[in-house]
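The next block holds one structure in the form of structure tokens; read it before the comments.
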Amino acid sequence: MEYPYQASIIIPTTGDGKPLLEHTLASLYKECQQTNYELIVIDNASIDDTFDYLEQLEQNRFFNCKVISNPQNLGFAAAVNQGIERASGEYIVVMHNDIAFSSNAIDQLIQVLGKHEDIGILGPAVNACFNEQQLLAEESSDEPQVINFVDSCLFVMKAELAFRLDENYELAYFEDKDLALQCISKGLKTAFVSGIVIEHRYASTTRVLTLDPESEIYWKNAAFFHTKWKLEPQLNEDFRQLPVLSQLIKIDQIINPVPYTNLTPPTNREV
């Protein structure tokens, strides 16, 4: 199949996220000289002047920009899926609106992914994210390392795999973990490259929307995730040595104050 673009970069934005998005796109422009990309920005009912800013980007053909405007916040998963439906790139790049680049990380990730047919989703090392396996380490490698899931702050996948995020996850949280299990169910790996690094302003959007690991939506999504995939927490003797956030994630099914009640999980592992 012939693709008009090498990659489609999909960025949802919402709230008063224009300053974050401007910083991200300026960083992308500085480090990425690739002209065969397209940018798809999904405006999830921003409350600032993001609309005007995106209209200008589209008029100026900034990275062949396409804009999708939603009258209400449909959530991260639905916004990403909207972008994928409009995408024309061989590779799908999903990223948050609060990323800074110190190198052409997107092109580097695409080059690595193109060499590994057994990897379905690939991400970079990150200064701060929800997946501790991706955090910066003293030693780095140019070879991909298999991890449980790739944090949604930035990941790359091939368009031909036709992955979609499950829109049952409200607003935010657990879409990336769900996507990883979709990937694994197809016999593919999820991985990251520790030698490819980005900076992430962790939780800058979810904090504004009062979405955090103590919010009702977090627990609701956690319940749906565990029910859908029939998962049970595995607590070992090293559990108390983990950081508090990791402990919270591992026991959320046990102590979840918002049990799964109003969503019907799929009968199989396909979204």
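The values are calculated or read from the model by the stated rules, or taken from the named source; none is laboratory data. None of the values given here were measured: they were computed from a predicted structure. Every residue, glycine among them, receives a Cβ derived from its backbone with ideal geometry; neighbour counts consider all protein chains shown. We work out accessible area using only protein heavy atoms, side chains counted, and drop any ligands, DNA or RNA first. Shrake-Rupley method; radii C 1.70, N 1.55, O 1.52, S 1.80 Å.
A count restricted to region 109-133 and to residues that are open to solvent by 60 Å² or more (accessible area, probe 1.4 Å) and in contact with a Phe, Trp or Tyr (Cβ under 9 Å, 6 or more places away or on another chain) stands at 2. Checking each residue in region 59-75 for being surrounded by 15 or more Cβ atoms within 10 Å (Cβ to Cβ) and within 18 Å of Ala7 (Cα to Cα) picks out Phe62, Phe63, Asn64, Cys65, Lys66, Val67, Ile68.
For region 7-23, enumerate the residues that are open to solvent by 10 Å² or more (accessible area, probe 1.4 Å) and under 17 Å from Val93 (Cβ atoms). Scanning region 7-23 gives a single hit, Pro12.
Against the list (1) assigned to a loop (DSSP other than H, G, I, E, B); (2) buried (at least 20 other Cβ atoms within 10 Å of the Cβ); (3) at pLDDT 95 or above, the condition Ala78 fails is (1). Among the criteria (1) farther than 30 Å from His116 by Cα; (2) open to solvent by 10 Å² or more (accessible area, probe 1.4 Å); (3) at pLDDT 95 or above; (4) of a type outside the set (Lys, Arg), the one Leu54 does not fulfil is (2). Inspect all residues belonging to region 24-45 and state whether any of them is over 19 Å from the mean Cα position of the chain (by Cα), open to solvent by 20 Å² or more (accessible area, probe 1.4 Å), among the β-branched types (Val, Ile, Thr) and more than 17 Å from Ile92 (Cα to Cα). No, region 24-45 has no match at all.
In region 2-27, the residues that are under 16 Å from Tyr53 (Cβ atoms) reach residues that are among the basic types (Lys, Arg) with C-beta atoms within less than 8 angstrom, at least six apart or across chains, in these pairs: Leu20/Arg201.
Is it the case, given these coordinates, that Thr35 is out of contact with any Ser or Thr (no Cβ under 9 Å at 6 or more places or on another chain), hydroxyl-bearing (Ser, Thr, Tyr) and modelled with pLDDT under 95? Against the criterion (out of contact with any Ser or Thr (no Cβ under 9 Å at 6 or more places or on another chain), hydroxyl-bearing (Ser, Thr, Tyr) and modelled with pLDDT under 95), Thr35 qualifies.
Being part of a loop (DSSP other than H, G, I, E, B) and open to solvent by 80 Å² or more (accessible area, probe 1.4 Å) is the filter; apply it to region 134-163 and report the residue that is modelled with the lowest pLDDT. Going through the qualifying residues, I end up with Glu138. Scanning region 81-108 for residues that are polar (S, T, N, Q), open to solvent by 30 Å² or more (accessible area, probe 1.4 Å) and assigned to a helix (DSSP H, G or I), we see that the one that is farthest from Ser27 (Cα to Cα) is Gln82.
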